[in-house]
Amino acid sequence: MKIFYYTFGCKVNQYETDNLRQKLSGLGYKTTQDMADADIFVINTCTVTAQSDHKCRQLLHKIKKLSPDAVTVLTGCFPQAFRQQAEQMTECDIITGSSKQDIPALIGEYLKDRRRIVRIKDHEKGEAFQAMSNQPSGLKTRAFVKIQDGCDQYCTYCIIPFARGHIRSKPLGDIRDEIAALAQGGYKEIVLTGINLCCYGKDLGDGTRLIDAVETVCSTDGIQRVRLSSMEPEMISDEDIARMGRLEKLCAQFHLSLQSGCDKTLRRMNRKYTCEEYRELCTKLRDTFSDCVITTDIMVGFAGETDEDFAQTIRFVKEIGFEKVHIFPYSVRKGTAAEKFGGQVSSEVKQRRVKELEAVCSQIRQEFLASNVGRTVNVLFEKEKADGWHRGYTKNYTPVKVKAQDAGSWRWQTKNVRITGVDGDSCTAEII
Ligand code: SF4
């Protein structure tokens with residue numbers, strides 16, 4: 001039987017879908033990229049915004065129209081956080097939550113008598129990290145590796161702690177083994193991911209912390225670059241920065257979740273840092289790492305955000321000069337503390353603020369890309385040159401493309417290039 005996989009949301013979800021695909025392939029199920037050809041659909045959901053839920057419903061409608069008899073599996077954060085709503089989605093034949101490791105058995109069970117299955121397990125305090133490791137696919141240069149799950153922060157807007165449960169971490173030895181296998185399989189770059197990555201190790205009870213995992217991965221032969229996905233600013237200590245600064249393979253690209261550049265809004269969000277602390281962290285990172293790039297997420301139009309609060313965020317964004325910003329409008333998530341907050345902002349105002357912030361961030365981004373012109377940088381090439389360009393990234397994740405002069409592929413190769421210009425969201429370069 002052929003399975004079409006669709007993954008919404010973050011890289012953790014992507015990693016888990018890849019893991020499921022590998023398990024199901026081992027049981028003889030084939031993967032198809034063609035929806036019309038699929039016997040089974042696996043939809044790994046995200047529920048971070050109302051928009052994610054909406055997109056999931058649209059996909060389900062499309063599937064049922066296209067293949068009414070196909071088996072549809074709904075899994076991930078949406079059914080875990082919103083069980084009742086998920087149960088009402090009668091288009092789905094199998095509904096499960098975070099226990100994605102159960103899906104192969106659930107598909108087998110369903111195929112016996114085609115009786116609908118809804119099986120969502122509650123998260124429990126002290127539950128173990130679901131053991132999983134992905135095998136090299138032989139196709140890519142960069143692998144995302146999930147080393148942490150869950151969050152106990154309860155930011156007032158966020159549904160994720162309900163969907164993902166308490167913090168739990170992958171044991172250091174398992175990380176070492178997985179990275180060694182990925183290096184053997186040809187991967188050059190590793191991105192460590194988690195739901196709240198900086199909480200890595202807190203549950204292990206032996207003092208292990210994220211920096212220990214980073215040092216372990218950096219010490220793996222064959223791996224050239226190591227990146228970290230989103231981090232919480234208040235959890236990065238001076239000692240962490242000093243130890244990170246000694247790791248040659250660690251890429252100086254840090255995604256520090258900001259959400260708002262206004263202290264009053266940060267407090268209402270239950271974020272655990274102030275703008276001043278965030279500013280100090282950026283300075284320390286930029287002092288420690290040359291070519292340091294800082295990126296972030298900003299939520300616009302949180303409940304109670306006034307024009308002046310938003311203006312503070314704009315000023316803060318300009319001051320920090322983020323090299324890239326992911327901007328998204330706040331949407332109320334049922335069951336969170338902020339659902340009951342007064343001062344909800346209208347969608348027109350949110351959209352206006354999103355556009356205003358986008359314009360500011362886009363200008364900073366273009367200035368950053370242009371500031372690279374004339375520099376010599378080292379690029380790890382990733383993509384085949386289907387459109388006539390070799391494409392890759394510098395260590396600080398600046399996209400670079402070089403006009404292809406030969407027939408060969410540069411994928412997996414690192415080369416020094418000179419930046420000659422900017423084209424859209426990429427630097428152009430020539431080989432030296
Ligand atoms: S740190 Fe806050 S925003 Fe991030 S997953 Fe946890 S609760 Fe959500």
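Every number here is computed from the coordinates shown, using simple stated rules; none is lab data. In this text the structure is predicted, and so the values were computed from the model without any measurement. Every residue, glycine as well, gets a Cβ built from its backbone with ideal geometry; the counts of neighbours run over all protein chains shown.
Here, the stretch 2-119 is characterised by an Rg to Rh ratio of 0.92, where Rg is the alpha-carbon radius of gyration and Rh the Kirkwood radius. The Cα atoms of the stretch 259-301 define a convex hull whose projected area, averaged across directions, is 3.2 nm².
Taken along its principal axes, the alpha carbon cloud of the stretch 142-371 reaches lengths of 52, 44, 30 Å, longest axis first.
Among 232-239, 255-262, sorting by the average number of other beta carbon atoms lying within 10 angstrom of each residue, highest first, gives 255-262, 232-239.
Sorted largest first, the spans of the alpha carbon positions of the stretch 127-182 along the three principal axes are 41, 23, 12 Å. Within the chain, the selection of entire DSSP H helices by a Cα span of 15 Å or greater along the long axis and an average Kyte-Doolittle value of at least -0.5 returns 103-113, 172-184, 307-320.
Our helix-only sum for the chain, with -39,500 (n - 2.57) per DSSP H run of n ≥ 4 divided by its residues, gives a mean residue ellipticity at 222 nm of -10500 deg cm²/dmol. When you count the other C-beta atoms within 10 angstrom of each residue and take the mean per peptide, 273-281, 116-124 line up highest first as 273-281, 116-124.
Springs between alpha-carbon atoms under 10 Å, Gaussian network over the chain: tell me which of 338, 105, 311 tops the mean-square fluctuations. Ranking 338, 105, 311 by mean-square fluctuation puts 105 first.
Each DSSP beta bridge with both residues in the chain is either parallel or antiparallel, and the antiparallel ones are about 35%. Based on the Kirkwood approach, the hydrodynamic radius assigned to the chain is 23.2 Å, with every pair of different Cα atoms included. Counting every alpha-carbon pair across the stretch 376-431, the share separated by more than 16 Å comes to 29%. The residue list 245, 229, 216 was ranked by how far each Cα lies along the charge dipole of the stretch 204-343 toward its positive end, using unit charges on Cβ atoms, and 229 comes out on top. Contact order for the stretch 142-371, expressed relative to its length and based on alpha carbon pairs under 8 Å spaced 6+ residues apart, stands at 17 percent. Reducing the stretch 331-385 and the stretch 204-258 to their Cα centroids gives an inter-centroid distance of 24 Å. Legend: residue pairs 272/395; 125/334; 30/383; 125/350; 264/355, Cα-Cα distance threshold 32 Å; pairs beyond threshold, 125/350. Taking the Cα atoms of the stretch 89-137, the ratio Rg/Rh between the radius of gyration and the Kirkwood radius comes to 1.05. Close amide H pairs (under 5 Å, H built 1.01 Å from N) link residue 118 with 95, residues at least 5 positions away or on another chain.
Peptides 24-31, 221-228 ranked from most to least packed give 221-228, 24-31, packing being the mean of other C-beta atoms within 10 angstrom over each peptide's residues. Arranged from fewest to most other beta-carbon atoms within 10 Å of their beta carbon, 365, 353 become 365, 353.
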